[in-house]
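What follows is a short report on a single structure.
All of the numbers you see were taken from the coordinates with simple rules; none came from a lab. Predicted model only: the values in this text are computed from it and were never measured. Cβ: placed from backbone, ideal geometry, glycine included. Neighbour counts: every protein chain shown.
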Amino acid sequence: MNYLAHAYLSFDQPEILVGNMISDFVKGKTKFDYPAGIQTGITLHRLIDMFTDGHDATKEAKEVFRPAYRLYSGAFVDVVYDHFLATDENEFTESSLFHFTQSAYQVLEVYHHRLPERFGRMLPYMKEQNWLFHYRTRWGTEKSLGGVVRRAVYLTESDTAYQLFEHHYQLLQDCYRHFWAAVKPFAKQQFEVLSSLRNKDER
């Protein structure tokens, strides 16, 4: 999952951020165990994922990894997209990225009692190693590619993924740029629609 992108596409709303970050750890009807704002974040995450998977730029980026990793190619593209977002000068400076990541961790810690167990166990490592910030670096991206393998059942190595990332860097960056130009306004629109529906329900 592209953690940085989902955090950023939460539009500075704490409960949206929590839901957006934990969505992959929330299964089935357990979504309804959460407050309305977090439910909205979970739904937004899923809409973003559907948009991402269907976008032509993502399909092109997956082809870089597909021969070696088949069904896991999308997970590697998620990491790559976060690298390019972290280095996107139109979105972040090094300083603003650092402050954004610290703010995101603080929000997650405030809601620690709402986090799924698996995500809650992961959060201290995410914060201590500053995963969201270190997508900015090549070594941090390499480590995150390795994290895909550690969480996967059928993968044994990530060296090939990193080599493919390096070899196809410009192509992957172009894919990110085309994708990001589309997903950012899409996510904003969906956020506004979902927020409007929630406000109606709460009246």
Task: Reachable lysines from LYS59, criterion Cα separation under 18 angstrom, eight or more residues apart if same chain - done: LYS184
TODO: With only Lys, Arg, Asp and Glu charged, each at its Cβ (+1 for the first two, -1 for the last two), find how big the charge dipole of region 3-202 is about the Cα centre; round to the nearest 20 debye.
DONE: 580 debye
- [ ] Quick one: angle between helix 94-110 and the longest Cα principal axis of the chain, in degrees between 0 and 90, rounded to 10, please.
- [x] 50 degrees
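Report, in deg cm²/dmol and to the nearest 500, the calculated mean residue ellipticity at 222 nm for the chain, where each DSSP H run with n ≥ 4 adds -39500 (n - 2.57) and the sum is divided by the residue count.
Using -39500 (n - 2.57) per qualifying helix, the result is -24000 deg cm²/dmol.
Taking neighbour counts of Cβ atoms within 10 Å as a proxy for exposure, in what order, fewest first, do ASP88, ASP159 appear?
The fewest-first ordering by Cβ neighbours comes to ASP159, ASP88.
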- [ ] Answer rounded, prolate or oblate for region 10-130, using the Cα gyration tensor with square roots of eigenvalues a ≥ b ≥ c: rounded when a/c is under 1.5, else prolate when a/b is larger than b/c, else oblate.
- [x] oblate
Task: Radius of gyration and Dmax over the Cα atoms of the chain, both given in Å - done: 16.5, 54
- [ ] Enumerate the lysines that LYS127 could reach by cross-link, defined here as Cα to Cα under 16 Å, with residues fewer than 8 away along the same chain left out.
- [x] LYS143
